[in-house]
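In what follows, a single structure is set out as structure tokens and then discussed.
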Amino acid sequence: NIGAERFLPAEISLPALREAAAHCEGCDLYRAATQTVFGEGVPGARFMLVGEQPGDQEDREGAPFVGPAGRVLDRALEEAGIEREAVYVTNAVKHFKYEPRGKRRIHQKPTVGEINACRPWLEAEMRLVDPEVTVVLGATAARALLGPEFRVTRHRGEPVPRREGAYYVATIHPSAILRAPDRDEAYSGFLADLKVAAGLP
Ligand code: URA
Ligand code: SF4
């Protein structure tokens, strides 16, 4: 993993970043994936949501959270009173990592090396969007933004200061709700964490 740093554009704007990220070869994940899935949303967004990596459908469509996890997320955002227009959505890792199994492509967790390789894109997005509230979705995003010591299970739903007037709020990944033995319970917890994020000053 040589890292994404050397692929960053000289001009730092969201459109320039997106264009440059389309050609990133900072780790091996670009090889098997269809395309880079960059973040989407307005630069002045109050909320930034950070997931793990694009899934199968996101990889095909080139947009974050448009598959099953995205549907859970959309529903919860609406119930928490967060408008999609006020949100910038992205992932810690910008290429889909999978293992082919017959005709299916099975999601695989990105390694620490891949998370670190991809972090320059996420950091650049954070600087440009500079959201008041960053919702950290699951352990991979937490590792990228809050470091290896942070435990989502222990500190979910707790605002963590990022700078004056800006916070992180970590919660579970929406995909975890789909896999949970008790989906309703998992969803309620997720919604409660999003409501904390929505209610921050
Ligand atoms: N899971 C993620 O973490 N991100 C997506 O964009 C889709 C599913
Ligand atoms: Fe570059 Fe990130 Fe894709 Fe790796 S996953 S090739 S670092 S954009």
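The values are calculated or read from the model by the stated rules, or taken from the named source; none is laboratory data. Please read all numbers here as calculations on a predicted model, not as lab measurements. Using ideal geometry, Cβ is built from the backbone for each residue, glycine included, and neighbour counts are taken over all protein chains shown. Surface areas here come from the heavy atoms of the whole protein model, side chains and all, with no ligands, DNA or RNA. Shrake-Rupley method; radii C 1.70, N 1.55, O 1.52, S 1.80 Å.
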message: With a 1.4 Å probe and all protein chains left in place, how much of the accessible area of the chain comes from carbon and sulfur atoms, in whole percent?
response: 49 percent
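Once the Cβ-Cβ distance between Glu83 and Arg154 is put in as r, and R0 is 30 Å, what FRET efficiency do you end up with, to the nearest 0.05? Mind dumping the intermediate values first?
Numbers: r = 30 Å, r/R0 = 1.00.
The pair Glu83/Arg154 has a calculated efficiency of 0.50.
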field: Whole-Å distance, taken between Cα centres, linking the range 1-53 and the range 131-201
entry: 22 Å
message: Per residue of the range 48-60, what does 6.51 cos²θ - 1.76 cosθ + 1.60 with θ = phi - 60° give for ³J(HN,Hα)? Whole Hz please, x for Gly and Pro, Karplus curve as stated.
response: 10, 10, 10, x, 8, 7, x, x, 3, 6, 4, 4, 6
query: Any idea which of Pro131, Leu178, Thr90 is furthest toward the positive side of the dipole for the chain, if Lys and Arg beta-carbons carry +1 and Asp and Glu beta-carbons -1?
result: Leu178
- line: Taking every alpha carbon pair in the chain and sorting the distances into 5 angstrom bins from 0 up to the bin holding the longest one, the percent per bin comes out as 1, 8, 17, 21, 22, 16, 10, 4, 1, 0, 0
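Charges at C-beta only: +1 for Lys and Arg, -1 for Asp and Glu. How large is the resulting dipole of the chain about its Cα centre, in Debye rounded to 20? Mind dumping the intermediate values first?
Numbers: 26 positive and 29 negative charges, 122 e Å.
That gives the chain a dipole magnitude of about 580 debye.
Please report the antiparallel percentage of DSSP beta bridges with both residues in the chain, rounded to the nearest 5. Could you put the intermediate results ahead of the total?
Numbers: 9 of 23 bridges.
Of those bridges, close to 40 percent are antiparallel.
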message: Please list 3J(HN,Hα) in residue order for the range 2-9, calculated via the Karplus relation 6.51 cos²θ - 1.76 cosθ + 1.60 where θ = phi - 60°; whole Hz, with x for glycine and proline.
response: 7, x, 7, 3, 6, 9, 5, x
- line: Once the dipole of the chain is set up from charges on Cβ (+1 Lys and Arg, -1 Asp and Glu), the residue from the list Ala166, Cys27, Ala197 lying farthest towards its positive end is Cys27
